[in-house]
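Engineer: Got a structure here, written out as C-alpha cells. Questions coming.
The values are calculated or read from the model by the stated rules, or taken from the named source; none is laboratory data. Here the structure is a predicted model, which means the values were calculated and not measured. No Cβ is skipped: glycine too gets one built from the backbone with ideal geometry, and neighbour counts run over all protein chains shown.
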Amino acid sequence: MCRHLGWLGDAVSVASLVADPANGLLVQSYSPRRQKHGLMNADGWGVGFYDGATPRRWRSAAPLWGDASFASVAPALRSTCVVAAVRSASVGMPIEPSASAPFSDGQWLLSHNGLVDRSVLPLSPRAESTNDSALLAALIFDRGLDALGDTIVEVAAADPNARLNILAGNGSRLVATTWGDTLSMLRRHDGIVLASEPYDDDPQWQEIPDRHLVRVHGSDVELIPLKGSA
Ligand code: GLN
C-alpha cells in the first residue's frame with residue numbers, strides 16, 4: 001500500500017505539501033500514522049504537477065527520505081494542481097520508477113493506493129509498468145475518468161479482495177475513490193487537499209467514508225456513494 005496526496009487550489013510549492021508538514025508524505029514514507037497494510041513506503045515515490053496544462057512528473061524507485069535533490073528542488077516547484085505518492089510495493093511487483101505513481105495518459109495524473117489481482121485486469125500496451133497499479137491506471141484511462149466509479153465497482157466485483165483507493169487530477173479537477181483504505185480531506189482558504197492520511201493535526205481534516213467517489217472542482221466537493229456500498 002502506498003500513501004498519496006492531491007492538491008487543487010492556488011499555486012503552492014510541492015515542498016509545502018509534501019516535505020514541510022509535520023506528517024506529510026516525506027514523513028509518511030518512513031512513519032505513516034494510519035497505514036493498515038505495510039509498515040513504511042520505501043519502494044519509490046512520485047510527484048506530478050501541472051505546468052499550465054502540461055502534466056510533469058518526477059518519479060523514483062528509491063526512498064523519498066534519502067533524496068537530497070528532491071529536498072533541494074521541491075520548494076521551487078509550484079503548481080495549482082499536484083498529485084504525489086510514496087510507494088510500498090506489493091509482493092511480487094517490480095520496483096522501478098515507472099511503477100511509481102503518478103501514472104499519466106498525458107492529460108491526467110493518477111495514483112492507486114491498494115492491491116488488485118492482476119489476472120482480473122486487461123493487459124494494455126499503454127500500461128507504464130507491470131505492477132497492478134500501472135495496469136489499473138491503464139484501464140481507468142481507457143474507460144475515461146468520468147467512468148471512474150463504474151470502473152472501480154466493476155474491478156471490485158471481479159476481485160472482491162481488491163483495495164482500490166484512486167486519486168487523480170487533470171489540472172482543474174481532482175477525483176478520488178475510497179475502497180478499502182483511508183482518505184481525508186482538508187479545505188484550506190487557498191485550496192483543497194485530499195490525502196491518504198492527514199499531514200498534520202489540524203482539526204479541520206475530514207475523513208471520507210469508505211466506498212465513495214469524491215469530485216473536487218474549484219472549491220466544490222461532491223461525495224457520491226459507490227454502488228455495492230454496505
Ligand atoms: N499494489 C501496489 C504496487 O505494488 C502497492 C502500492 C500501492 O498501494 N499503490 O504497486
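Engineer: Just name the residue that is farthest from the ligand (Cβ to nearest atom) out of those in region 119-133 that are of a type in the set (A, V, I, L, M) and in contact with a helix residue (DSSP H, G or I) (Cβ under 6 Å, 6 or more places away or on another chain).
Structural biologist: Per the criteria, the residue is Val120.
Engineer: Within the bounds of region 158-176, is there any residue that is under 20 Å from Trp45 (Cα atoms), at pLDDT 95 or above and of a type in the set (Ser, Thr, Tyr)?
Structural biologist: No, region 158-176 contains no residue that is under 20 Å from Trp45 (Cα atoms), at pLDDT 95 or above and of a type in the set (Ser, Thr, Tyr).
Engineer: While we're looking at this one, here's another question. With the requirement that a residue be of a type in the set (Lys, Arg) and in contact (Cβ under 8 Å) with a residue 24 or more places away in the chain, what does region 129-177 give you?
Structural biologist: Matches in region 129-177: Arg163, Arg173.
Engineer: Does region 151-159 contain at least one residue that is within 16 Å of the ligand (Cβ to nearest atom) and either assigned to a strand (DSSP E or B) or not hydrophobic (A, V, I, L, M, F, W, C) (or both)?
Structural biologist: Yes: one or more hits.
Engineer: Working carefully through the options Tyr50, Tyr30, find the one that is of a type in the set (Ser, Thr, Tyr) and within 12 Å of Arg3 (Cβ to Cβ).
Structural biologist: Tyr30
Engineer: Out of curiosity, is Ser69 polar (S, T, N, Q) and modelled with pLDDT of 95 or more?
Structural biologist: Yes.
Engineer: Can you tell me which residues in region 1-24 are within 15 Å of the chain's Cα centre (by Cα) and away from the ligand (no atom under 15 Å from the Cβ)?
Structural biologist: Across region 1-24, the qualifying residues are Trp7, Leu8, Val14, Leu17, Val18, Gly24.
Engineer: Go through region 198-220 and give me each residue that's within 21 Å of Leu164 (Cβ to Cβ) and assigned to a strand (DSSP E or B).
Structural biologist: Gln206, Glu207, His212, Leu213, Val214, Arg215, Val216
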